[in-house]
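Working notes for the structure below.
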Amino acid sequence: MRPFPASPTWKIIDRLGDITAIPEDWSIHLFSIQIGFFDMLYGGAFNLVRVWYRDTPSLFMNGAIFLQVRAPFWIGIQVRPFTRRFLQCGLGWKGNGRLAVLLRIQTDESAAAGMDGANFGQADYMNDGNK
């Protein structure tokens, strides 16, 4: 069960999400670009750019700017203006196969708390890792 309020509007939106969902296997990671982050693999040194073509464990990673593109269609962008708050926006089918229109401002703390339980392994501030 998803943690939506019991209002009729949220039930309709959730049902539309079920109807438009695709199998998770169909959501294929094409590439991600992370700009401006502290690379924890190299002692926390500041790294300017990382591009990778393997799947990431999250729709967003923790750089100052992060872009992810998936097929059949997902574009996700995160902008973090060197603070603990960041803007995430995205459009398309997420990695779980659900269609989404995403626009939110979050903090490191709210991202780690999750919607229906803690997200363990969340990186904070601009340290390399999942957001």
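Derivation of every value follows stated rules applied to the coordinates shown; laboratory data play no part. Just so you know, these numbers come straight off a predicted model, no measurement behind them. For neighbour counting, all protein chains shown are included, and Cβ atoms are generated from backbone atoms with ideal geometry for every residue, glycine included.
If each residue's Cβ is checked for other Cβ atoms within 10 Å, how do LYS94, LYS11 rank with the fewest at the top? Spell out each step's value before the answer.
Details: LYS94 19, LYS11 12.
With the fewest neighbours first, LYS94, LYS11 line up as LYS11, LYS94.
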For this session: Enumerate the amide H contacts of PHE60 below 5 Å, restricted to partners 5 or more residues apart or on another chain; note that Pro and chain-start residues carry no placed amide H.
Result: LYS131
Problem set entry | Rounded to whole Hz, the Karplus (6.51, -1.76, 1.60) HN-Hα couplings of segment 14-27, x for glycine and proline | 5, 5, 4, x, 5, 5, 8, 5, 10, x, 3, 4, 7, 8
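Between ILE13 and PHE46, what is 0.36 nm times their sequence separation minus the Cα-Cα distance? Round to one decimal in nm.
Result for the pair: 7.8 nm of gain on full extension.
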Problem set entry | Modelled FRET efficiency - R0 22 Å, GLU109 with CYS89, Cβ distances, 0.05 increments | 0.65
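Starting from the Cα-Cα distance between ILE35 and VAL69, subtract it from 0.36 nm times their residue separation and give me the gain in nm to one decimal.
Numbers: separation 34, 0.36 × 34 = 12.24 nm, distance 1.49 nm.
Stretched out fully, the ILE35 to VAL69 stretch lengthens by 10.8 nm.
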